[in-house]
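Trainee: My questions all concern the structure below.
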Amino acid sequence: FESQGIVVVDADIVAREIVEKGQPALTKIQEVFGDWILTANGELDRRALREHIFKDASARQQLESITHPAIRASIIQQLQAATSPYAILVSPL
């Protein structure tokens with residue numbers, strides 16, 4: 001579809017983008033969980049955070065309360081900005 005000029009928005013890519021270094025969602029995650037969730041270069045330590053949230057359901061809910069609204073907002077923005085006649089949302093969930 002992309003090779004045909006159709007805008008494709010992938011929720012997995014968006015989920016990674018919203019927690020990139022300098023993004024508000026990453027700042028909020030750091031505020032809630034602490035500096036230990038960052039690597040030495042200031043990026044999200046996905047492995048450490050993943051291990052933490054799989055052990056603690058309330059931590060997972062906290063993380064989701066930060067990331068899900070940011071993911072949703074970015075997806076909506078990208079779909080609304082689509083310049084093709086229609087857009088495709090790829091969402092595994």
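The values are calculated or read from the model by the stated rules, or taken from the named source; none is laboratory data. It should be emphasised that the depicted structure is a prediction, and the values quoted were computed from it without experimental measurement. Cβ atoms come from the backbone with ideal geometry, glycine included; neighbour counts cover every protein chain shown. Surface areas here come from the heavy atoms of the whole protein model, side chains and all, with no ligands, DNA or RNA. Shrake-Rupley method; radii C 1.70, N 1.55, O 1.52, S 1.80 Å.
Trainee: Output the residues belonging to region 24-35 that are in contact (Cβ under 8 Å) with a residue 12 or more places away in the chain, closer than 15 Å to Arg46 by Cβ and either in contact with a Phe, Trp or Tyr (Cβ under 6 Å, 6 or more places away or on another chain) or not aliphatic (A, V, I, L, M) (or both).
Mentor: Of region 24-35, the ones in contact (Cβ under 8 Å) with a residue 12 or more places away in the chain are 24-26, 28-29, 32-33.
Add one more test, that the residue is closer than 15 Å to Arg46 by Cβ, and what stays is 25-26, 29, 33.
The answer is Phe33, and nothing else.
Trainee: Out of all the residues in region 60-93, which are out of contact with any strand residue (DSSP E or B) (no Cβ under 9 Å at 6 or more places or on another chain), open to solvent by 50 Å² or more (accessible area, probe 1.4 Å), modelled with pLDDT of 95 or more and within 12 Å of Asp10 (Cα to Cα)?
Mentor: Selection gives Arg72, Ile76.
Trainee: State whether the residues of region 49-56 include one that is among the charged types (D, E, K, R), open to solvent by 50 Å² or more (accessible area, probe 1.4 Å) and closer than 28 Å to Glu2 by Cα. Spell out how you get there, then give the answer.
Mentor: Filtering region 49-56 for residues among the charged types (D, E, K, R) gives 50-51, 55-56.
Next, only the ones that are open to solvent by 50 Å² or more (accessible area, probe 1.4 Å) stay: 50-51, 55-56.
Retained after the next criterion (residues that are closer than 28 Å to Glu2 by Cα): none.
Checking region 49-56: not a single residue is among the charged types (D, E, K, R), open to solvent by 50 Å² or more (accessible area, probe 1.4 Å) and closer than 28 Å to Glu2 by Cα.
Trainee: I need the full set of residues from region 53-65 which are touching a Leu at 6+ places or on another chain (Cβ under 9 Å) and not small (Gly, Ala, Ser), in order please.
Mentor: Ile53, Leu63
Trainee: Determine the pairs where a residue that is without any contact (Cβ under 8 Å) to a residue 24 or more places away in the chain, located within region 55-68, has a partner that is assigned to a helix (DSSP H, G or I) and surrounded by 15 or more Cβ atoms within 10 Å (Cβ to Cβ) with Cβ atoms under 8 Å apart, the partner being 6 or more residues away or on another chain.
Mentor: These pairs meet every condition: Arg60/Ile53.
Trainee: Would you confirm, using the coordinates I've provided, whether Val14 is open to solvent by less than 90 Å² (accessible area, probe 1.4 Å), at negative phi and assigned to a strand (DSSP E or B)?
Mentor: no
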